[in-house]
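Peer 1: Here it is, the structure in full.
The values are calculated or read from the model by the stated rules, or taken from the named source; none is laboratory data. On a predicted model such as this, the values are computed, not experimentally measured, just so you know. No Cβ is skipped: glycine too gets one built from the backbone with ideal geometry, and neighbour counts run over all protein chains shown. These area figures cover heavy atoms from the full protein model, side chains too; ligands, DNA and RNA do not enter into them. Shrake-Rupley method; radii C 1.70, N 1.55, O 1.52, S 1.80 Å.
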Amino acid sequence: MKSRERFEKDLSALMSRLTIDSNIEVENKLNMLKDWLMKLQKENVVKINHSVMELVCAKHLILKGYEVQIEYPLSEILTCDLFSIKGYGNLVVEIETGFIPPDQALFPLTYISARLASKIIRYSSFAGKFALGMPPHYILPIPQALAKPPRRRTEEEINQIKELCDKYYRNPPVTKEEICNARIHTIYLIDVDRTRVQEIDPEAYVNRVFENGLAFSHDL
């Protein structure tokens, strides 16, 4: 089966599960997002494992009263996974699947920590609220300093985060001011199997992960 046909088949199967208990308004909104993903797949912009998480998260947000767009441009160089508006506020969500490129096979933890830090720093500047979405089987090695409110970050932590990000992201590099102001408000555990989402406080999540020895810290 061709990848395009498989993509459409998988999205259709997911949609039947997402809409089984939905009213017509929610169903119509999800179908519009599905059609948009189909268009992007034809342009080789999106992949199925990422897209199904976006749709499950989108339903969660729609039910909370948000108007949701997927693969939304925030700037000339930055496109977010989900851009949601409710009232006068917006929520930006970035999905993290945990993919490690082959050229980072020897330093996967360092690489993924830098990627998460960069996402929080760059995307939260465009957001009233910023969230990371992740599958429940994946442990996010979020730098601990970024899970804290900005006012509680030390100068040493800010310098360490900049050093970490500069190893991989220098075009353009993140600034200390951006690091100072960056904020993650929520973590979404996106369970595609059960088509449901659980919200977790980032600081509580990070503390629980490191206290139980489930991840290694970069002393951030």
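Peer 1: Given a Förster distance of 22 angstrom, what is the FRET efficiency for residue 181 paired with residue 88, based on the Cβ-Cβ distance and rounded to 0.05? Could you put the intermediate results ahead of the total?
Peer 2: Details: r = 20 Å, r/R0 = 0.91.
Efficiency, from the Cβ-Cβ distance: 0.65.
Peer 1: If I require 18 Å or longer along the helix axis, counting alpha carbons, and a Kyte-Doolittle average no lower than -1.0, what helices from the chain are left? Use full DSSP H segments.
Peer 2: On the way: long enough: 3-18 (22 Å, -0.78); 24-42 (27 Å, -0.52); 48-63 (23 Å, 1.06); 108-124 (24 Å, 0.26).
The qualifying helices are 3-18, 24-42, 48-63, 108-124.
Peer 1: Compute the longest continuous run of the chain that contains no exposed chymotrypsin sites (Phe, Trp or Tyr not before Pro); treat a site as exposed when its DSSP state is not H, G, I, E or B and it has at most 16 other Cβ atoms within 10 Å. Mind showing how you got there, number by number?
Peer 2: Working: sites that count: 88, 99, 126, 138, 168, 216.
Result for the longest clean stretch: 1-87.
Peer 1: Quick one: work out Rg over Rh on the C-alpha atoms of the stretch 124-212, Rh as Kirkwood radius. It would help to have the intermediate numbers written out before the result.
Peer 2: Details: Rg = 14.1 Å, Rh = 14.2 Å.
My calculation of the ratio gives 0.99.
Peer 1: Follow-up question, since we're still on this one. Can you give me the Cα centroid spacing of the stretch 1-62 and the stretch 90-158 in angstrom?
Peer 2: For the stretch 1-62 versus the stretch 90-158, the Cα centre distance is 25 Å.
Peer 1: Provide the packing ranking of 156-166, 22-32, i.e. peptides ordered by the mean count of other C-beta atoms within 10 Å per residue, highest first.
Peer 2: Details: 156-166: 17.6, 22-32: 13.6.
Ranking the peptides 156-166, 22-32 by packing returns 156-166, 22-32.
Peer 1: With the full set of protein chains in place, find how many percent of the accessible area of the stretch 21-166 is carbon and sulfur; take the probe as 1.4 Å.
Peer 2: Answer for the stretch 21-166 is 55 percent, counting heavy atoms of protein chains only.
Peer 1: A further question on this structure: What whole-number volume per residue, in cubic angstrom, does the convex hull of the C-alpha atoms of the stretch 9-99 give?
Peer 2: 105
Peer 1: In addition: Looking at 210, 120, 13, which one has the Cα that reaches farthest to the positive end of the dipole of the chain (charges on Cβ: Lys, Arg +1; Asp, Glu -1)?
Peer 2: Farthest along the dipole direction, towards plus: 13.
Peer 1: Only Lys, Arg, Asp and Glu count, each charged at its Cβ (+1, +1, -1, -1), so figure out the dipole size of the stretch 11-121 about its Cα centre, rounded to 20 debye.
Peer 2: 140
Peer 1: With the other protein chains left in place, how much accessible area per residue, in square angstrom, belongs to the chain at a 1.4 angstrom probe? Before the final figure, lay out the partial values.
Peer 2: Values: 11810 Å² over 220 residues.
About 54 Å² of surface per residue is accessible.
Peer 1: Longer than 26 Å from Cα to Cα, which of 86/119; 47/119; 39/167; 42/167 are they? Say none if no pair is. Before the final figure, lay out each step's value.
Peer 2: Details: 86/119 22 Å; 47/119 19 Å; 39/167 35 Å; 42/167 33 Å.
Flagged as over cut-off: 39/167; 42/167.
Peer 1: Using alpha carbons only, what's the Rg to Rh ratio of the chain with Rh from Kirkwood?
Peer 2: Value, to two decimals: 0.97.
Peer 1: Moving on. Can you show me the helix-derived [θ] at 222 nm for the chain, built from DSSP H runs with n ≥ 4 at -39,500 (n - 2.57) apiece and divided by the number of residues, rounded to the nearest 500.
Peer 2: Numbers: 8 runs with 100 residues, N = 220.
When only DSSP H runs of four or more count, the value is -14500 deg cm²/dmol.
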